[in-house]
Amino acid sequence: MLSRLYDAPIDFDIYDFLVTDRQHLRSYVEDDHTDEQVLVQETENGVDIGVFIDERVLRRLDEVNPLQSLNAENLADYCTALEGVSHFQYLVWNVARRRPVSLLELEVQAEVDKYAAATLLLTSQRAGRFPAELHGSLFHRIAFAPGLQQESLQRYQEANRQAARFCRRLDEKFLKGRRVRPEQWVAELRRFYRFGQREKMALE
């Protein structure tokens, strides 16, 4: 979905990089309390990547499939899984173009991706009706994991703030009111996707 939305195909399948066993994750990181984590290591030959999504999250998504009905019961798990997919997609797409990616840029894009993917799903599942409540659910009625280091907490807070502002602008310009323009909504998302961190942060 993200590859099609952004017209940003990549040559790899995330399933080849997916880790779901928490015991396996502990071989690589000290903090294993998260349900989603992307592991990245630069090497002489390129970049090694692994994507951890807890098997319990994926099991719950199998039981209450968001592709059939995205709702309050599965939205959090959907966003958890999608964040891992987003990080993988964005990293691989940029690495192929030899473009550097900062941690903040990665988090901002993931926040936008969750909004965009959920908007597409909910709109299609509601016969074209725009999900006006989604912005609040994703950007305001949230809580950050306890125990985060201050640097990480500040990065997540800033990513949330920047993405909330950008997505609110998209809502107001292209999806609300009498002139709904989904093609312009997609074009603006694609433009944002190709920006670096400085350009993303400069948008008003």
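Leu67 is checked against (1) of a type outside the set (Asp, Glu); (2) within 25 Å of Leu189 (Cβ to Cβ); (3) in contact with a strand residue (DSSP E or B) (Cβ under 8 Å, 6 or more places away or on another chain) and fails just one. What number does that condition carry?
So the condition that Leu67 fails would be (3).
Of all residues in the stretch 36-52, which are in contact (Cβ under 8 Å) with a residue 24 or more places away in the chain and either touching a His at 6+ places or on another chain (Cβ under 9 Å) or closer than 15 Å to Leu18 by Cβ (or both)? Show your work before the answer.
Filtering the stretch 36-52 for residues in contact (Cβ under 8 Å) with a residue 24 or more places away in the chain gives 36-38, 40, 46-47, 49-52.
Residues satisfying the conditions are Glu36, Gln37, Val38, Val40, Ile49, Gly50, Val51, Phe52.
Would you point out which residue out of Tyr6, Tyr28, Tyr78 is free of Cβ contacts under 8 Å to residues at least 24 places away in the same chain and either of a type in the set (Phe, Trp, Tyr) or on the phi > 0 side of the Ramachandran plot (or both)?
So the residue among Tyr6, Tyr28, Tyr78 that is free of Cβ contacts under 8 Å to residues at least 24 places away in the same chain and either of a type in the set (Phe, Trp, Tyr) or on the phi > 0 side of the Ramachandran plot (or both) is Tyr28.
Quick test for you: out of Phe166, Phe195, pick the one residue that is under 20 Å from the mean Cα position of the chain (by Cα) and assigned to a loop (DSSP other than H, G, I, E, B).
Working: Phe166 fails: assigned to a loop (DSSP other than H, G, I, E, B).
Answer to the check: Phe195.
Go through the stretch 148-195 and give me each residue that's hydrophobic (A, V, I, L, M, F, W, C), more than 18 Å from Tyr6 (Cα to Cα) and surrounded by fewer than 18 Cβ atoms within 10 Å (Cβ to Cβ).
Leu148, Leu153, Val180, listed by residue number.
Need at least 1 residues that are loosely packed, with under 13 Cβ neighbours inside 10 Å, more than 16 Å from the chain's Cα centre (by Cα) and not β-branched (Val, Ile, Thr) per element, so show me which helices (runs of 4 or more DSSP H) inside the stretch 1-97 make the cut, counting only ones lying wholly within it. Walk me through how you get there before you give the answer.
On the way: elements: 2-6, 22-25, 55-63, 75-95.
Result: 22-25, 55-63.
Values quoted throughout were computed directly from the atomic coordinates according to the rules given, and no laboratory measurement underlies them. Fair warning: this is a prediction, and the values are worked out from it, not measured in the lab. Backbone-built Cβ (ideal geometry, glycine too); neighbour counts: all protein chains shown.
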